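Following: one structure in structure tokens, then a few remarks.
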Amino acid sequence: MLDVEKVHKKFDGQEVLSGVSLHVDKGDVITILGPSGSGKTTLLRCISFLERADSGWMDFAGTGVDMHRAGKNQVLALRRRMGFVFQSYNLFANKTALKNVTEGLIVARGMNRKTAAEIAESCLQRVGMWEKRDSYPHQLSGGQQQRVAIARAIAGDPEVVLFDEPTSALDPELVGEVLQVMRSLARDGMTMLVVTHEMRFARQAANKVILIDGGRIVEEGRPQEFFVSPRTERARQFLDLLGRETEGGNAAQ
Amino acid sequence: MNDRILNLLKDSFVQILLPGLEMTVPLTVISFSLGLLIALGTALVQVANVKVVRQLARFYVWIFRGTPMLVQLYVVFYGLPKVGLILNAFPAAVVVFSLNTGAYASETIRAAILSVPVGQMEAGYCSGMTYMQTMRRIILPQAMRTAFPPLSNSLIGLVKDTSLASNITVVEMFLTAQRIASRTYEPFWMYLEVGFIYLIFCTALTYLQRWLEKKLERK
Ligand SMILES: Nc1ncnc2c1ncn2[C@@H]1O[C@H](COP(=O)(O)OP(=O)(O)O)[C@@H](O)[C@H]1O
Ligand SMILES: [Mg+2]
């Protein structure tokens with residue numbers, strides 16, 4: 001359903017993505033793993049056009065675009081079919097939880113207020129934040145803000161939702177509530193592309209795992225295979241390091 | 001202070017206050033409103049990085065922040081007629097005051113826009129909104145709240161600066177006081193009195209500012 005082909009991206013002459021290709025089927029939950037600085041965020045940002053790839057091709061449910069040359073309207077149309085969940089939530093600080101969800105529906109999609117409010121209600125119910133609909137972001141905990149951000153991301157009925165380390169900014173005790181919401185979305189068949197360091201989520205909720213290192217995909221496969229019998233030396237090293245850190249009592253960053 | 005002075009102060013109070021209400025207030029309100037519009041446009045073309053226009057905006061801010069307002073008033077009122085552009089005193093004052101306010105306030109608004117985390121702009125994009133939609137509905141409302149106190153300061157500053165318009169024959173409060181002073185030979189009391197009236201105007205604005213700030217906070 002979503003094909004991304006040979007994405008290249010340089011920052012200040014430094015190649016951050018060196019020809020990354022990705023195939024996503026409808027209903028896939030793909031976790032992207034990799035050490036810090038390996039280009040995971042950049043990849044998601046290129047897919048959502050927050051960052052312009054130097055080259056690359058995207059095929060999104062029948063629509064093909066040059067990721068470098070895509071025009072303004074093409075980008076706008078593509079973005080309306082995706083959702084994005086940021087590490088730092090990025091809720092609209094001047095809007096209540098409810099308005100955060102309805103804003104895009106009303107302003108970008110021209111929906112009337114009543115329909116938008118109905119959709120927002122069902123989305124906020126799904127993330128367990130309906131009771132807090134009238135709270136402003138600063139009145140919510142990080143976990144609650146992220147759940148509202150997820151509601152906002154799914155409100156436009158996206159064909160795929162991109163998550164960039166959705167739990168990395170959270171206090172440890174708040175990680176669970178967000179992961180639980182993401183698991184339930186996965187169970188409901190949402191197509192998800194998740195950059196994360198949560199190995200349990202990758203193991204249990206994903207049907208595919210991708211390991212990125214140095215701007216390249218070094219291994220991809222089903223979680224059972226990836227975690228139990230990785231094929232590449234790089235993947236073994238990565239998992240070893242993680243295992244050691246986890247045993248040491250520290251979650252991997 | 002004898003009775004003569006007391007009576008003079010009483011009579012002149014109304015004589016000065018009247019041009020205050022009829023000239024100083026409209027001059028301030030019109031110039032500040034126009035100035036804010038200019039400032040918003042000037043800030044936006046810079047933040048949005050509009051080619052060429054952005055350079056023009058920088059140039060404009062540079063000129064108006066770098067030269068005395070008094071000189072600008074003279075250039076517009078006494079200078080421009082020599083090249084065929086004749087403006088009456090009041091419009092000339094409005095032009096200078098609004099361009100001046102525009103230059104300073106644009107920097108305030110620009111900084112306020114930049115103080116809103118970029119993540120919210122990106123979240124706007126990812127909600128399907130355009131740059132302008134996100135700017136108008138998400139970024140600017142927050143920026144304006146940040147910019148409110150410094151803009152209030154600019155407004156209070158402008159009330160006082162309108163006294164400079166006396167130099168180009170606008171009969172506002174200060175020029176009126178000047179005339180009464182030279183007629184009555186009481187410069188001390190007259191200038192004190194006009195200063196006091198400016199103080200009343202500015203105090204009223206300060207209270208208005210505090211009240212509005214409280215209202216903004218509560219939202
Ligand atoms: N806007 C940017 N400007 C310059 N360098 C950047 C920018 N964004 C990311 N980088 C660099 O690109 C590399 C990959 O970053 P990123 O995609 O954020 O990695 P990850 O999300 O895997 O930690 C890093 O070396 C980072 O410093
Ligand atoms: Mg990252």
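In the stretch A:134-149, what residues are open to solvent by less than 30 Å² (accessible area, probe 1.4 Å), within 10 Å of residue A:97 (Cα to Cα) and outside any loop (DSSP other than H, G, I, E, B)? Break it down stepwise before answering.
At the first step, the residues of the stretch A:134-149 found to be open to solvent by less than 30 Å² (accessible area, probe 1.4 Å) are A:135, A:137, A:140, A:142-143, A:146, A:148-149.
Now narrow it down to the ones that are within 10 Å of residue A:97 (Cα to Cα): A:135, A:137, A:140, A:148-149.
The answer is A:137, A:148, A:149.
Residue A:122 passes all but one of (1) among the small types (Gly, Ala, Ser); (2) open to solvent by 40 Å² or more (accessible area, probe 1.4 Å); (3) within 18 Å of the chain's Cα centre (by Cα); which number fails?
Here residue A:122 meets the rest and fails (3).
Condition first: open to solvent by less than 30 Å² (accessible area, probe 1.4 Å) and more than 8 Å from every other protein chain (Cβ to nearest Cβ). Now tell me which residues in the stretch B:117-131 satisfy that. Give the derivation first.
Step one: filter the stretch B:117-131 for residues open to solvent by less than 30 Å² (accessible area, probe 1.4 Å), giving B:119-121, B:123-124, B:126-129.
Once the filter is applied, which keeps residues that are open to solvent by less than 30 Å² (accessible area, probe 1.4 Å) and more than 8 Å from every other protein chain (Cβ to nearest Cβ), the stretch B:117-131 yields only B:121.
Within the stretch B:110-123, identify whether any single residue is outside any loop (DSSP other than H, G, I, E, B), free of Cβ contacts under 8 Å to residues at least 12 places away in the same chain and not hydrophobic (A, V, I, L, M, F, W, C), and answer yes or no.
yes
Among the candidates B:111, B:105, which residue alone is touching a Gly at 6+ places or on another chain (Cβ under 7 Å), among the aliphatic types (A, V, I, L, M) and within 30 Å of residue B:134 (Cα to Cα)? First the steps, then the outcome.
Working: B:111 fails: touching a Gly at 6+ places or on another chain (Cβ under 7 Å).
Answer to the check: B:105.
Could you please give the count of residues in the stretch A:33-75 that are away from every other protein chain (no Cβ under 14 Å), farther than 12 Å from residue A:2 by Cα, away from ligand 2 (no atom under 16 Å from the Cβ) and open to solvent by less than 40 Å² (accessible area, probe 1.4 Å)?
Residues of the stretch A:33-75 that are away from every other protein chain (no Cβ under 14 Å), as a first pass: A:33-40, A:43, A:53-69.
Okay, now just the ones that are also farther than 12 Å from residue A:2 by Cα, so A:33-40, A:43, A:53-56, A:66-69.
Filter again for away from ligand 2 (no atom under 16 Å from the Cβ), leaving A:53-56, A:66-69.
Now restrict to residues that are open to solvent by less than 40 Å² (accessible area, probe 1.4 Å): A:53, A:56, A:67.
Here the count works out to 3.
What residue, among those in the stretch A:1-24 that are open to solvent by less than 70 Å² (accessible area, probe 1.4 Å) and in a loop (DSSP other than H, G, I, E, B), is farthest from ligand 2 (Cβ to nearest atom)?
A:1
Just one of A:165, A:159, A:198 is open to solvent by 20 Å² or more (accessible area, probe 1.4 Å), within 14 Å of chain B (Cβ to nearest Cβ) and within 16 Å of ligand 1 (Cβ to nearest atom); which is it? Show your work before the answer.
Working: A:159 fails: within 16 Å of ligand 1 (Cβ to nearest atom); A:198 fails: within 14 Å of chain B (Cβ to nearest Cβ).
It is A:165.
In the stretch A:40-69, what count of residues is obtained for those that are within 14 Å of the chain's Cα centre (by Cα) and within 11 Å of ligand 1 (Cβ to nearest atom)? Spell out how you get there, then give the answer.
First, pick out the residues of the stretch A:40-69 that are within 14 Å of the chain's Cα centre (by Cα): A:40-50.
Now restrict to residues that are within 11 Å of ligand 1 (Cβ to nearest atom): A:40-46, A:50.
Qualifying residue count for the region: 8.
Just the residues that are in a strand (DSSP E or B) and not acidic (Asp, Glu), please, taken from the stretch A:218-246. Break it down into steps so the answer makes sense when it comes.
Kept after step one, since they are in a strand (DSSP E or B), are these residues of the stretch A:218-246: A:218-221.
Passing the criteria: A:218, A:221.
It is to be established whether one or more residues within the stretch A:171-187 are over 17 Å from residue A:89 (Cβ atoms), in a loop (DSSP other than H, G, I, E, B) and away from ligand 1 (no atom under 16 Å from the Cβ).
No - not one qualifying residue is present in the stretch A:171-187.
Tell me, which residue of the stretch B:86-127 that is polar (S, T, N, Q) and within 17 Å of the chain's Cα centre (by Cα) is nearest to residue B:64 (Cα to Cα)?
The first filter runs over the stretch B:86-127 and keeps only residues polar (S, T, N, Q), leaving B:88, B:98, B:100-101, B:106, B:108, B:115, B:120, B:127.
Still in the list and also within 17 Å of the chain's Cα centre (by Cα): B:98, B:100-101, B:106, B:108.
On the way: B:98: 11, B:100: 6, B:101: 9, B:106: 11, B:108: 15 Å.
If we take residues in the stretch B:86-127 being polar (S, T, N, Q) and within 17 Å of the chain's Cα centre (by Cα), then B:100 is nearest to residue B:64 (Cα to Cα).
Here is a list: B:134, B:146, B:130. Which entry is in contact with a Gly (Cβ under 6 Å, 6 or more places away or on another chain), hydroxyl-bearing (Ser, Thr, Tyr) and within 27 Å of residue B:57 (Cα to Cα)? Steps first, answer last, please.
On the way: B:146 fails: in contact with a Gly (Cβ under 6 Å, 6 or more places away or on another chain); B:130 fails: in contact with a Gly (Cβ under 6 Å, 6 or more places away or on another chain).
Of B:134, B:146, B:130, the one residue that is in contact with a Gly (Cβ under 6 Å, 6 or more places away or on another chain), hydroxyl-bearing (Ser, Thr, Tyr) and within 27 Å of residue B:57 (Cα to Cα) is B:134.
Give the residue, chosen from B:101, B:108, B:134, that is within 9 Å of chain A (Cβ to nearest Cβ) and of a type in the set (Val, Ile, Thr). Break it down into steps so the answer makes sense when it comes.
On the way: B:101 fails: within 9 Å of chain A (Cβ to nearest Cβ); B:108 fails: within 9 Å of chain A (Cβ to nearest Cβ).
Testing whether each residue is within 9 Å of chain A (Cβ to nearest Cβ) and of a type in the set (Val, Ile, Thr) leaves just B:134.
If a residue has to be assigned to a helix (DSSP H, G or I) and either facing chain B (nearest Cβ under 10 Å) or surrounded by fewer than 16 Cβ atoms within 10 Å (Cβ to Cβ) (or both) to count, how many in the stretch A:103-119 make the cut? Walk me through it before giving the result.
Quick first cut of the stretch A:103-119, residues assigned to a helix (DSSP H, G or I) only: A:103-108, A:113-119.
Still in the running and either facing chain B (nearest Cβ under 10 Å) or surrounded by fewer than 16 Cβ atoms within 10 Å (Cβ to Cβ) (or both): A:103-108, A:113-115, A:118.
Total satisfying the criteria: 10.
The values are calculated or read from the model by the stated rules, or taken from the named source; none is laboratory data. All figures in this text were calculated on a predicted structure; none of them were measured in a lab. So basically every Cβ, Gly included, is an ideal-geometry build from the backbone, and we count neighbours across all protein chains shown. When the accessible area is computed, the model is the full protein with side chains, heavy atoms only, and any ligands, DNA or RNA have been set aside. Shrake-Rupley method; radii C 1.70, N 1.55, O 1.52, S 1.80 Å.
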